[in-house]
Amino acid sequence: MTRLSRDEKLPQPFDSAFLADPYPGYAQLREYGAAHRVALPDGSPIWFVPGEADVRDWLTDVRLSVNKAHSGIGYKGFSLPPALDANLLNVDPDDHLRLRRLVSKAFTPRHIEDLRGNVQAAADRLADDLAEQGTGDLVATFALPLPLMVIGDMFAVPETDRHAFASWVNTMLIPENLHQVTEAVDNIHGLLVDLVATRRAAPGADMLSTLIAARDEGDRLTEDELVSLAFLILMAGSENVQHLISAGMVTLLQHPEQLVELRADPSLLASAVEELLRYAHPNLMAIRRFPTEAIEIGGTRIPPGDTVMFCLASANRDPERYVSPDRFDIYRADKTHLALGHGVHYCLGAPLARMELQIAFGTLLRRFPDLALTVPASQLEWRSSFRSRALKALPVATGADMQRLRRS
């Protein structure tokens, strides 16, 4: 890839072949250099950074801001209205640490561990539904509802609203037109405002009530911060987990020898989840950054205010960092990865996500020893997005009939 001046037409690497399987494209970009000025599908210019060492180092550099106010030409990418945008992903260290301190009071390890029984009960119930179907869509029947049940219970979201919220988030991320985005965002905002009002009038033991009451030396969340944080936690707590469950199951089914060993030794689940996070995490990119002064990455000068995007998925497959990075290996000794971020923006819900994933995979492997795809893996449909890689559906046969015959 040749260097281009700021006036020349930018290359657009995110074509249909790239979106179908981005990893060969990432490998090519890593080979070409440390930072590339390219265009997003909507034509917006960005600097794309693919290498693990650069991604890890720069995610902690204070000269890179997540605040769109530091965009030199005015950020033209996807933006939320202020009522949903005042969350941890969009504020720099001072405000970020203030918000994180307040939110962490509702995300203690003890509270997360107290949820284990509820998460397992939800997984068992959904596995029963999947067994009853015999054949069906693992996304719709198990992967999507599990995190919605968990995070919905944590926030006391009425069951009737949970799937509507997930549908609106999906529309917001992958719209057919701009009108759909506006409508989805309005619906999400309205749901959350009503939910906050309900919890404020009648507080409970849920996380939203805790956030409403949270204080830090007399400080309290503003209304926009409160609604924005509720939105972020609900979205991240449902989106990423559901997509890793489905992508993770495809990965395991495509590696049958390791799948057999994992079924035989459930103590390997924690290691397998870490490898799946590295190998198949749906979140491909870190949130965009804006240099507050000129920086240099790998000999390439990046002016202040330009948009920089660090590719987590590429970093997690970098051969300069990992031995045979494109090989899935539940025994991999190196358990570190960037799937959950790095630095001050490291995922607040990481312990909950890990617990949910271990329970989800453990339940599916235990309950369905004959689980199999009903279509070739090459025919599976993936979400068309340069930001995330997620299955639209995962048609499977559970082998439940075979199990019943064996028991009879």
Which of the peptides 55-62, 281-288 is most tightly packed, and how do the rest follow, going by the mean number of other Cβ atoms within 10 Å of each residue? 281-288, 55-62
Just tell me which aspartates and glutamates come within less than 19 Å, Cα to Cα, of residue 9; anything on the same chain fewer than 8 places away is out. 42, 306
Assuming R0 = 35 Å, what is the FRET efficiency of residue 73 and residue 223, from their Cβ-Cβ distance, to the nearest 0.05? 0.70
Measuring from label point to label point, each 7 Å out along Cα→Cβ, what is the residue 113 to residue 174 span in nm? 3.8 nm
Which of 368, 142 has the fewest Cβ neighbours within 10 Å, and the rest in rising order: 368, 142
Hey, with R₀ at 22 Å, roughly what FRET efficiency would residue 121 and residue 159 work out to, going by the Cβ-Cβ distance, to 0.05? 0.90
Taking only Cα atoms and a 10 Å spring cutoff, compute GNM fluctuations for the chain and point out the largest among 367, 162, 301. 301
In debye, nearest 20, what is the charge dipole magnitude of the chain about its Cα centre with +1 on Lys and Arg Cβ and -1 on Asp and Glu Cβ, if you could check? 380 debye
May I ask you to compute the full-extension gain from residue 129 to residue 271, defined as 0.36 nm times their residue separation minus their alpha-carbon distance, rounded to one decimal in nm? 48.3 nm
Listed peptides 191-198, 371-378, 392-399, 39-46 by packing density, highest first (mean Cβ within 10 Å): 392-399, 191-198, 39-46, 371-378
Distance between modelled label sites at residue 381 and residue 260, nm, 7 Å Cα→Cβ extension: 3.5 nm
Grab the DSSP H runs of the chain that are 4 residues or longer, score each as -39,500 (n - 2.57), total them, divide by all residues and round the 222 nm result to the nearest 500 deg cm²/dmol. -15000 deg cm²/dmol
In the chain the DSSP beta bridges are antiparallel at a rate, in percent to nearest 5, of 85 percent
Treating each Cα of the chain as an identical point scatterer and ignoring solvent, apply the Debye formula and state log10 I(q)/I(0) at q = 0.06, 0.08, 0.11, 0.14 Å⁻¹. -0.25, -0.44, -0.86, -1.39
Take every Cα-Cα pair in region 50-178 and report what % of them are more than 23 Å apart. 57 percent
Please report, in Å, the Rg and the Dmax of region 309-398, where both are computed over Cα atoms only. 15.8, 42
Could you list the residues of region 228-248 with an amide nitrogen less than 18 Å from a label point located 7 Å from the Cα of residue 193 in the Cα-to-C-beta direction? 228-232
List the DSSP H helices in the chain whose Cα atoms stretch 20 Å or more along the helix axis and whose mean Kyte-Doolittle hydropathy is at least 0.5. 223-253
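Where a number appears in this text, it was derived from the coordinates with a stated rule and is not lab data. Computed from a predicted model, the values in this text were never measured in an experiment. Quick reminder, even Gly has a Cβ in these numbers, built from the backbone with ideal geometry, and neighbours come from all protein chains shown.
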